[in-house]
Amino acid sequence: MKTKIGVQFRKTNKTQHTFERLKYCKNCHSYSILWNEECTICDKEETLVPIKTISLAITRRNVQTRFLWIGLFACLSAIFADTTEKLLLACGGGLLLFLLFGLMQKQYGIYEKEYHFKKHLKAEQRNIKDSLLRQLDEIDADVQEKRIKDAYEKIREVGYFLDSDLIKILKLKYLNHFVLRKDMDLELDTLIPSDYNKHFILYLHEALKVQPWLVNRAVLEYVIKYMPYIEQRENGNQILGQVAGASLRVKANVYRYQDFIIEVIDFLPKERVLRLAKIVKSEQEYDWTNLYEATKKHVDQHYAFDPDFKGVL
Amino acid sequence: MKQFVRKVMSDYQTSLLLRNILFGLFTIALIILSVKIGFSIKKITLYDQAMAYYQEKNWVAAEEVFAQANAITTIRYGDEIWNESMSALTDTRTQLEVLSEQIQTGKTYTNPELMVDVYDSYHFLKKGSLQADEITSAFFTDISNRLKMEAELKAYFLTGKEQINASLQANLAQKTYKDEEQLILFFAAVPAEYFGDEKKKEQEFVTVFRSYDQKKFKDIASTQSFEDVLSTTAKRINFYNDQDLEADWLPTLLEKYARTEINLAIQKNDLDLFSAKATAYRNIKNALPSDSQVLELIDQHIDSQLRQAKRYEESNQFEKALALYEGLRSVTDTSELIVSLQESWTFHEPLRLLQEKYPDKTFQLVMSDEKKWDSEIFVAAFSKDDQLIHFAAKMPDKSVVYLEDDSFSNRVIKNFTTIEFPLKRKSPIILVETDSESRLSTYYGFVPDLSESKWVKRFEIEGDSFAIEGLNNVVVDNPKGTGENERAYFNLKDTGLEYDENNSIPLIKDEESLENPADPLDNSEIPGTEPSTPSKDATETTGEHASDAGMMNVYAGPGETFEVIGQLAKNTSIKKIAEKDGWYQISFDGKDGWIRDTGGSVEQ
């Protein structure tokens, strides 16, 4: 039996968009998705800059460059002017162009920023991909060095960009090395693989122990889909009961997955049955006659004399 | 390209670089533009100031400020017409300033040519400016006065004149005569204005340089050679001519001097001296007047000498004539005359052909004739020195063919002559008579083949006498072999002598002839025959005249009209040099003399 280790995960940043996690090194022209403030690739301790900041800087410089072109041409035309009239015309024309371009830039500059950012992201796709692959290599090295926590934290960051079973399974493998706690920043639905996977079931079992609220529709769908496989596990029924019990936290889920609940109601712990009984008794607007009947039957059979259930149904 | 740039640097870096480069360029352009604007403002300010001066009629200040404004070329500004007029003033000022600098340079380095150019340029400018409008004229005067140009030029040329006179006097005093050409040029270059006018300049030139040249000529004529005096003076005359300066005193001096010297040579009758001086004088012909009396004197004397040489030639005094021709060769072309003389001399003395070829040999048995074997003239003679018969023939192309014959090296040559057959008078046979072992003589017949330069032997026969008869017959008394004891007749063929039995007759020997068979044959006894005799040019035995007795006159020329230069005993042996009209030329007391061919007195 494996000995699980107790760890404290570092907080992962919550961002509105995934790209906000990308940071650019101005020195080695690489990207980082980790928590570091300085580049770990190049020797120089260059401060990493968010990709959005870089894109905005490039856009700003492009605008400056255009202003400089206008200024340069205006100056050249004035330099080559051989009469006072031509000189004044060149200077005036240059200033007018300058002002017009400034106004135009003020009016439409914002659109250019967005457009240029998308273009920049597209252009940097390969570079970003290369950086992520390099990150996987580092994770592999961490595993070799038994730095599972670091490996998990890194692959968690990579997982924001790469949605694949490989990443999910690796995450699950690493997570299964840890003692899970209630205060941990755990994830569940993001780890659902496309196929049945024992590591996920194992993790599901442990995670629901400490954070049952992680169960959502995606988890329920996966469990219902692979329920036969789960049932065959050593503690399969217990897991199913955990999932069904966790699903009772949202009335909509109760209604949606009442068949699943009916099926595993025998594996629900007492307090989850009590919760189920209260739900089906209080929320009469839902059409869950079968669930009501099944719940009533289960209560009558197992908790007929339990004072907690007295008067519930 | 874009992909390559992206590989080298990121968009972030590219944008930064491009922005910075453009910023740099823009900054530079901005600085240049600022400078341009600054200068343009300055130009406009100066221009307006110049215009203000102009309106105040202060032309010099207006031009000065305008020139400063005009020097700024960053921008064009102002009224074009006014600009042009002011630019013209600027040109005038610039030209005057350049001339002023040249004056200072000319003064510093003593360069009269430059100063004359400056003077001419200045007056050209002045003339143009004074003919222009009032502003230009006033401006020119102001600038000229400010630069003190006229005063500087005047001071330079007046000082120069004084220096010329001083230098000339110094040359005469020291007798060194240096820098003369520079002094003349400088004098000629000094503008007439500083003499008063052109006429006064010419008068001063004549006064100064005539006196100088006369004194100098007197000096060099007394100290230098004739050629050096001519050379020095001619050089000076040519220099004057080249500079278009009229200096007629030098040719006059030269003519007088040369006439004296050449007359002296004529009086001394020294042809070489005359030729040398005449040549030297003729060499400076281009420096002499076209009617040079000395050149005429030279020509007259040369003609006189040529006539004298002709007279010598006509009187056969070829050596004297040749000496005159050779002496005159350097002053006139006598080459053709000398060639003609040589030909005449050769015809007169053909032996010269052999004497020129063999100057160390003495010749005997000389014979010569003209127009034989396609030659102009030939001569044949026997030399005791090498025991050979030498032959020389001058051909129509003036070449000379020489032949030698050594067929008689073991024989004693008695005589040789030419025998002519009536139909072949231009191709006679040379008959050589030598001793014989069995007869009185051996007779050899030869013909020279001048085209092949060789002898052709026609016959060889031994006999007691030899004669020719008729057109083609040879008569030999008692020949050895066929015709022995006969007066044998032979026909001369190409293959030799062919015996003619029909005409041959037996010889009748009398007692005297039997007793003395070695006596020569008396040919007069044979009717119709011609005895074998040497040619008229050959002398018997030694080629010397032998006489009977008494004295004979020796004349200076071939005739009794010539002066009698001496007398000669008739039996004296003497060498004949040539023959003419029955007279023999002989050498008499070291001179050429002539004796009459007295026929019987000379045995031939």
Could you check, for segment B:91-104, whether at least one of its residues is within 14 Å of another protein chain (Cβ to nearest Cβ), of a type in the set (D, E) and open to solvent by 80 Å² or more (accessible area, probe 1.4 Å)? no
Restricting to segment A:33-87, name every residue that is free of Cβ contacts under 8 Å to residues at least 12 places away in the same chain, small (G, A, S) and more than 30 Å from B:G78 (Cβ to Cβ). A:A57
For segment B:311-335, which positions are more than 30 Å from B:H390 (Cβ to Cβ) and open to solvent by 70 Å² or more (accessible area, probe 1.4 Å)? B:R311, B:E314, B:R329, B:S330, B:D333
Among (1) at pLDDT 75 or above; (2) more than 18 Å from B:L440 (Cβ to Cβ); (3) open to solvent by 40 Å² or more (accessible area, probe 1.4 Å), B:E486 falls short only on (2)
Top-ranked residue in segment B:482-499 [being assigned to a strand (DSSP E or B) and under 17 Å from B:F421 (Cα atoms); ranked as farthest from the chain's Cα centre (by Cα)]: B:Y489
Can you name the residue in segment A:52-64 that is touching a Lys or Arg at 6+ places or on another chain (Cβ under 7 Å) and closer than 22 Å to A:N27 by Cα and is also farthest from the other protein chains (Cβ to nearest Cβ) among such residues? A:L56
Might you check whether a residue that is more than 30 Å from B:T94 (Cα to Cα), of a type in the set (V, I, T) and open to solvent by less than 40 Å² (accessible area, probe 1.4 Å) occurs anywhere in segment B:161-171? yes
List pairs: first residue in segment A:10-30 and within 14 Å of chain B (Cβ to nearest Cβ), second residue open to solvent by 60 Å² or more (accessible area, probe 1.4 Å) and part of a loop (DSSP other than H, G, I, E, B) anywhere in the structure, Cβ distance under 7 angstrom, at least six positions apart or on different chains. A:C25/A:I41; A:N27/A:K44; A:C28/A:I41; A:S30/A:I41
Where residues in segment B:184-214 are out of contact with any Phe, Trp or Tyr (no Cβ under 9 Å at 6 or more places or on another chain) and among the small types (G, A, S), which of them is modelled with the highest pLDDT? B:S211
Looking only at segment B:32-82, which residues are within 9 Å of another protein chain (Cβ to nearest Cβ) and either over 30 Å from A:L76 (Cα atoms) or part of a helix (DSSP H, G or I) (or both)? B:I32, B:L33, B:K36, B:I37, B:S40, B:I44
What number of residues within segment B:12-30 are exposed (fewer than 14 other Cβ atoms within 10 Å of the Cβ) and small (G, A, S)? 1
Just to confirm my filter: which strands (runs of 3 or more DSSP E) fall fully inside segment B:527-604 and include at least 3 residues that are modelled with pLDDT of 50 or more and not aliphatic (A, V, I, L, M)? B:574-580, B:583-588, B:591-596
Checking B:A392 against (1) surrounded by fewer than 21 Cβ atoms within 10 Å (Cβ to Cβ); (2) in contact with a Phe, Trp or Tyr (Cβ under 6 Å, 6 or more places away or on another chain), which single condition isn't satisfied? (1)
Give the residues of segment A:279-313 that are among the aliphatic types (A, V, I, L, M), surrounded by fewer than 18 Cβ atoms within 10 Å (Cβ to Cβ) and assigned to a helix (DSSP H, G or I), sorted by residue number. none
Hey, could you check segment B:278-291 for residues that are open to solvent by less than 20 Å² (accessible area, probe 1.4 Å) and modelled with pLDDT of 90 or more and say which is nearest to B:L328 (Cα to Cα)? B:A278
State whether the residues of segment B:439-454 include one that is over 57 Å from the mean Cα position of the chain (by Cα), in a loop (DSSP other than H, G, I, E, B) and within 27 Å of B:H390 (Cα to Cα). yes
Subset of segment A:81-126 that is farther than 18 Å from A:R60 by Cα, loosely packed, with under 14 Cβ neighbours inside 10 Å and more than 11 Å from chain B (Cβ to nearest Cβ) - its residue that is farthest from the chain's Cα centre (by Cα): A:G92
Which condition does A:C75 not pass, out of (1) within 14 Å of chain B (Cβ to nearest Cβ); (2) surrounded by fewer than 18 Cβ atoms within 10 Å (Cβ to Cβ), if it passes all the others? (2)
Just to be sure before I move on: is B:T94 among the polar types (S, T, N, Q), at pLDDT 90 or above and closer than 30 Å to B:L130 by Cα in the structure I sent? yes
Could you give me the residue pairs with C-beta distances under 6 Å whose first residue belongs to segment B:11-24 and is at the interface with chain A (Cβ under 8 Å from one of its Cβ atoms), whose second residue is among the polar types (S, T, N, Q) wherever it lies, and which are 6+ apart or on separate chains? B:L18/A:T65; B:R19/A:Q64; B:R19/A:T65; B:L22/A:T65
Could you list, in sequence order, all residues of segment B:224-256 that are in a helix (DSSP H, G or I), open to solvent by 10 Å² or more (accessible area, probe 1.4 Å) and of a type outside the set (S, T, N, Q)? B:F226, B:E227, B:D228, B:K235, B:R236, B:F239, B:D242, B:W249, B:P251, B:L253, B:E255, B:K256
Flagged pairs (Cβ under 8 angstrom, 6 or more apart or on separate chains; first in segment B:200-223, over 12 Å from B:W249 (Cα atoms) and acidic (D, E); second at pLDDT below 90 and open to solvent by 40 Å² or more (accessible area, probe 1.4 Å)) are B:E202/B:E246; B:D219/B:K175
Regarding segment A:146-157, can at least one residue be identified that is of a type in the set (F, W, Y) and more than 30 Å from A:Y255 (Cβ to Cβ)? yes
Would you point out which residue out of B:K216, B:K199 is open to solvent by 50 Å² or more (accessible area, probe 1.4 Å) and out of contact with any strand residue (DSSP E or B) (no Cβ under 8 Å at 6 or more places or on another chain)? B:K199
Subset of segment B:354-376 (residues that are outside any loop (DSSP other than H, G, I, E, B), closer than 21 Å to B:L431 by Cα and within 34 Å of the chain's Cα centre (by Cα)): B:L354
Kindly provide the set of residues from segment A:156-165 that are in a helix (DSSP H, G or I) and either small (G, A, S) or in contact with a helix residue (DSSP H, G or I) (Cβ under 9 Å, 6 or more places away or on another chain) (or both), ordered by number. A:R156, A:E157, A:V158, A:G159
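The values are calculated or read from the model by the stated rules, or taken from the named source; none is laboratory data. Quick caveat, the model's predicted, so the values are computed rather than measured. Counting neighbours? That spans all protein chains shown, and the Cβs are built from the backbone with ideal geometry, glycine included. Surface areas here come from the heavy atoms of the whole protein model, side chains and all, with no ligands, DNA or RNA. Shrake-Rupley method; radii C 1.70, N 1.55, O 1.52, S 1.80 Å.
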